[in-house]
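Please treat every number below as a calculation from the coordinates, not as lab data. These numbers come from a predicted model, not from an experiment. Glycine gets a Cβ as well: all are built from the backbone with ideal geometry, and neighbour counts include every protein chain shown.
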2 protein chains.
Amino acid sequence: MPLLMIKDLPRYECLLEAAKEFPDLDPSATEVFLHLLRTGDEAFRVVEAHLASHDITQGGFGVLMALWGNCRRGGGAALSPAELAGRTGVTRATMTGLVDTLERAGLVLRAPDPHDRRMMTVSITPRGEKRLRNILPDHFRQMAWLMAPLSENERRTLVRLFSKLLRRTAEDGGRSASEAVAAAR
Amino acid sequence: MPLLMIKDLPRYECLLEAAKEFPDLDPSATEVFLHLLRTGDEAFRVVEAHLASHDITQGGFGVLMALWGNCRRGGGAALSPAELAGRTGVTRATMTGLVDTLERAGLVLRAPDPHDRRMMTVSITPRGEKRLRNILPDHFRQMAWLMAPLSENERRTLVRLFSKLLRRTAEDGGRSASEAVAAAR
DNA sequence: CTATTCTGGTTAGCCTCCTAACTATCCGCC
DNA sequence: GGCGGATAGTTAGGAGGCTAACCAGAATAG
């Protein structure tokens, strides 16, 4: 999510002033929105840099985690590309490319599904699992380091507020947020 | 920031269990981290979709906002690509491509700098400004809609906690977070 | 049992983003 | 005044993301 808007977040007074010209501008909403995107982006870049030092991308890491997690919780050792795409929030076409890359690196294996000849199964290789176990401890430490400034109470608060926002984006099923905004006029 | 980890955030009990195997895993830190990335991603996608309906990308929008904002606050009507790259948090190489696209669409104009022949100046065209004024009201409404579930108090809290996290990622100047993590072992 | 429709994976083409290298220009220093 | 280092913009090459279109196989309708 690089390049969200501007790197230096505007001061609140600037937002108040801009709101005079744009009556639709809600200063506090804008401020928290910009902070959210900026903070998410920063956190994302930190872990992305860490993963890059282990020669793996965010996308590849997500796929490996999905496979490994599924395996560990007894869901079977393999998943179809469509299932992986659904779990990682990416299109099937993108998943093809990700699995290509991972397969080239020997971290993952593609095999035809014996029951349905349209389907493939993707499974993590021992090498992929080893790579993952190599990355994870640092990865966890990094998340802990990033969140260290927050007390347990503050963390609970954040999760609660995030959940509120996630319900917002998830709500109104087929109706997109744009439509909802348009309808509110 | 698409594909951050997994679409369905793990339940807290799962994190507690995983922490038994990985002593470095801080369950509450992991939980808030995942929620942060997920929420940021959702919010990002919402506005991205809205901007796409106006035939503009996040990157292009950021550039236009930087130019327009700079102009409005009396900083002059034009900025150099390097300056734009700095403000939007993108590399100079990326900015070349973004300005290319915007120039093709007639929203922006490139001109040589009269004082320094290495430099270019990028300025927003009337058409670009018109496009922006066309987008902004909906854009502001969208941010307000997304943040509507939060009270003013909750918004203040969020901004305060985000600021804490931003200080964390910005701190330790040259030293990267990875190194800090490594040093903490 | 055939025809239509649906579904899974891939391909093609585009955009954004990156790093690394290159070119042109400016600047400071001897 | 000229030479080396810094700086601005671009180019080249790669990866990830998307949509749209395609093809093979499966499911369903009649």
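At a glance:
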{"item": "Exercise: per-residue mean of other protein chain Cβ atoms within 10 Å, A:47-59", "result": "2"}
{"item": "Computed Kirkwood radius, in angstrom, where 1/r is averaged over Cα pairs of region A:77-139", "result": "12.3"}
{"item": "Percent RCO, i.e. relative contact order, over region B:55-130, from Cα pairs under 8 Å lying at least 6 residues apart", "result": "31"}
{"item": "Approximate spin-label separation B:ALA82-B:THR57, in nm, with each point projected 7 Å along Cα-to-Cβ", "result": "2.4"}
{"item": "Normalised alpha carbon radius of gyration of region A:21-168 [divisor 2.2 N^0.38 Å]", "result": "1.28"}
{"item": "Calculated label separations, B:SER53, copies of the chain, 7 Å along the beta-carbon direction, nm", "result": "4.3"}
{"item": "Unit charges on C-beta of K, R, D, E only; dipole of region A:21-168, Debye", "result": "720"}
{"item": "Size of charge dipole - region B:55-130 - debye, nearest 20, with Cβ of Lys, Arg +1 and Asp, Glu -1, no other charges", "result": "100"}
{"item": "Of A:GLY59, A:ALA78, A:LEU166, farthest towards positive along the dipole that unit charges on Lys, Arg, Asp, Glu beta carbons give region A:21-168", "result": "A:ALA78"}
